[in-house]
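The block underneath contains the structure these notes are about, expressed in structure tokens.
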Amino acid sequence: MATTLITGGTVVTSTGRAEADVLIDGERIVAVLARGSVLLGTDLTAGVDTVIDATGKYVIPGGIDAHTHMSLPFGGTAASDNFETGTRAAAWGGTTTIIDFAVQTHGQKVQDGLATWHGMAAGQCAIDYAFHQIVGDVNPESLLALRGLPDEGISSYKMFMAYPGVFYSDDAQILRAMQVAADTGMMTMMHAENGPAIDVLVEQLLAQGKTDPYYHGVARAWQMEEEATHRAIMLANLTGAPLYVVHVSAKQAVEQLAAARDNGQNVFGETCPQYLYLSLEDQLGASSDEWGNFEGAKWVCSTPLRSKEEGHQHHMWQSLRTNDIQMVSTDHCPFCMKGQKDLGLGDFSKIPNGIGSVEHRMDLLYQGVVDGQISLERWVEITSTTPARMFGLYGKKGVIQPGADADIVVYDPNGHTSIGYPVDKDGKPTGRSHHMNMDHSAWEGYEIDGHVDTVLSRGKVVVTDRQYVGQKGDGQFVRRGLSQYLI
Ligand code: URP
Ligand code: ZN
Ligand code: ZN
Ligand code: ZN
């Protein structure tokens, strides 16, 4: 088995930082050796196959993005990244594990939906991957299948209080599923928005001729998110099921989560980079020469971007500091403008919902460290360690310690990353500056005061010297245990 030594760097974990070298044997970390300890004077590099010099850099556990949607069918099209392109982009950005959502559609067996996702991902991935299960049709058969999922290494499932006629479940269905989850210990993940009420507002706005992407944000008002979040919390409280609310964007929803947590309930919340940085006014309301007021379609996602005047973004950073929100995933669900987002020209409700960010999460959150929003350790915690604990991967993933998979990122705090499509003096793009399969970037123009230098996936270098050197099929399916984060 090949051995690798990452030397000279500062190892950062969720609990602290140390000047230490990391020794890897094959796929695993075998030692974390503090410099200046009894080993002083020993030439650790002797006999090691590969030495990676991390002098002046951070050595962190690889990112875990617990919310992606490769190839998700949505709104008459499908997310533009498949498992090959999406996981390669993730690797470029320092993410070494994704947890994607297998989908059971209406009328389909849960097992068949899961088999489809296994079929799409197997042999395609650049990094390790796991699945949550979307349960889109609650009935006695699917409830029985749900009970069996932990044996398949799938310990969490997602339900939708939104999207009537597609993924939507009513309160009775949610209650029944949560009863199974309470029995089995599975994590219930909830898309918490009041879908039926939103649909009324959508219909009324369109009837008034309000068809621009901006009105997607108006229809999906924060009250719709707060109300659904509260309802989900109460159903979880009644059944005893652990609850994880996905893509939280409204500060009022955070307050609901915080109150339930103060009450001792196993309730957790995830936010996404878009809810930390982007807004209803600046992005959903954007216009351009090319697209006019339809420019905002690039940022149509649900829950929607919130008003900066109302201060949701500021509040979300604070919630990350106070642990009212526990972690950050991307909800990576990319669609191109041409041929996909443009299905909603003249009717915002037909714009496929989703933003692509899987490549940029580690960088965007690192910028939060530079800007003084979060500490270096908290960066590691919310992007890697907590996702691992929340979804039953901790020990194998999310930490740098002997026995863990050697999923490691060498991050350069003196490097720089320009995101998006830079343009020359004539306004022409100078080349791709991201690796997701999208014809635009939701993050164009973002400048990061840091850079992903080297990425190892289970001991194998997959990104180095600004090159991808891995192969499709490097990534394996990872079976997950029950959550290690419960109170
Ligand atoms: O807009 C979004 N979030 N698209 C993906 C599907 C979902 O609800 O997570
Ligand atoms: Zn959702
Ligand atoms: Zn999602
Ligand atoms: Zn800069």
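Give me the base-10 log of I(q)/I(0) for region 7-165 at each q in 0.14, 0.16, 0.20 Å⁻¹, Debye formula, one uniform scatterer per Cα, rounded to two decimals. Results for region 7-165 at q = 0.14, 0.16, 0.20 Å⁻¹ read -0.81, -0.94, -1.23.
About the centre of its Cα atoms, the chain shows a dipole size close to 720 debye [charges on the beta carbon of Lys, Arg (+1) and Asp, Glu (-1) only; nearest 20 debye].
If the chain linking Asp170 and Ala207 were pulled fully straight, counting 0.36 nm for each residue of separation and taking away their Cα-Cα distance, it would gain 10.7 nm. According to the Cα-based calculation, Rg over Rh for region 230-278 is 1.00, with Rh computed by the Kirkwood formula.
Remark: spin-label model distance Leu143-Asn82 equals 3.8 nm, labels positioned 7 Å along the Cα→Cβ axis.
Once the C-beta distance of Asn263 and Lys109 is scaled by a Förster radius of 30 Å, the resulting FRET efficiency is 0.20 to the nearest 0.05. Beta bridges assigned by DSSP with both partners in region 62-390 are antiparallel in approximately 10 percent of cases. Note on Val30 and Gln223: the model spin-label points, each 7 Å out from Cα along the C-beta direction, lie 6.3 nm apart. Within the straight-line cut-off of under 19 Å between alpha carbons, the lysines reachable from Lys341 are Lys210, Lys298, Lys350, sequence neighbours fewer than 8 places apart in one chain being disregarded.
Subtracting the Cα-Cα distance of Asn323 and Ala18 from their residue separation scaled by 0.36 nm leaves 107.4 nm. Working note: Cα gyration tensor of the chain, eigenvalues times five, square-rooted, sorted largest first, giving semi-axes of 35, 27, 21 Å.
Per-residue extension of 0.36 nm, minus the Cα-Cα distance of Glu310 and Glu152, leaves a gain of 52.6 nm for this segment.
The aspartates and glutamates whose alpha-carbon is closer than 18 Å to the alpha-carbon of Lys460, local same-chain residues fewer than 8 away aside, are Asp21, Asp25, Glu27, Asp49, Asp53, Glu84, Asp128, Asp405, Asp407, Asp474.
Computed over neighbours whose Cβ is under 15 Å from that of Pro213, the net charge equals -1, Lys and Arg +1, Asp and Glu -1.
Measuring r between the beta carbons of Leu238 and Asp371 and using R0 = 45 Å, the FRET efficiency lands at 0.65.
With a cut-off of 9 Å between beta carbons, the residues surrounding Ile98 carry a summed charge of -3, where Lys and Arg count +1 and Asp and Glu -1.
Each value in this text was obtained by applying a stated rule to the coordinates, not by laboratory testing. Because the structure is a prediction, the values reported are computed rather than measured. Glycine also receives a Cβ, built like all others from the backbone with ideal geometry; neighbour counts cover every protein chain displayed.
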